[in-house]
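The values are calculated or read from the model by the stated rules, or taken from the named source; none is laboratory data. Just so it is clear, the structure is predicted and the values come from calculations on it, not from any experiment. Cβ coordinates were reconstructed from backbone atoms using ideal geometry, including for glycine residues, and neighbour counts include every protein chain displayed. Side chains are part of the model used for accessible areas, which takes the heavy atoms of the whole protein and leaves out ligands, DNA and RNA. Shrake-Rupley method; radii C 1.70, N 1.55, O 1.52, S 1.80 Å.
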Amino acid sequence: VDLLCRNVVLNSQKLYMADKMRAVDNLGLRAARISFTTENSRECLSVFKKFLGLSDFEPSGVTRGLYYKGVI
């Protein structure tokens, strides 16, 4: 449940978009949220560094969700 009392359905795989930030930036968003679920502290730091462009970290077992499947 989020702050507006909506339910959130999560994928069984981790959604990973840190390596697609150029495409996300082109959407004109003013902010982004990084949410972690089952990651340990080391993986969280690695993802955050990748998000900032400070790492070449590439996780395994992730999904892009529906972002590249043409589902609206």
Open item on the list: Can you tell me which condition Tyr16 does not meet? The list is (1) in contact with a Pro (Cβ under 9 Å, 6 or more places away or on another chain); (2) free of Cβ contacts under 8 Å to residues at least 40 places away in the same chain, and all the others hold.
Closed with: (2)
TODO: Kindly establish whether Val47 is modelled with pLDDT of 85 or more, touching a strand residue (DSSP E or B) at 6+ places or on another chain (Cβ under 6 Å) and of a type in the set (Val, Ile, Thr).
DONE: no
- [ ] For residues that are of a type outside the set (A, V, I, L, M) and open to solvent by 90 Å² or more (accessible area, probe 1.4 Å), scanning just the stretch 50-66, find the one that is farthest from Asp2 (Cα to Cα).
- [x] Asp56
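Taking into account only those residues within the stretch 12-47 that are in a helix (DSSP H, G or I) and under 18 Å from Lys69 (Cβ atoms), which is most open to solvent (accessible area, probe 1.4 Å)? Talk me through it step by step, then tell me what you get.
If we filter the stretch 12-47 for residues that are in a helix (DSSP H, G or I), which is where we start, we get 18-25, 41-47.
Imposing the further condition that a residue be under 18 Å from Lys69 (Cβ atoms) reduces the set to 19-20, 23-24.
Details: Asp19: 54, Lys20: 70, Ala23: 49, Val24: 30 Å².
Top of the filtered list is Lys20.
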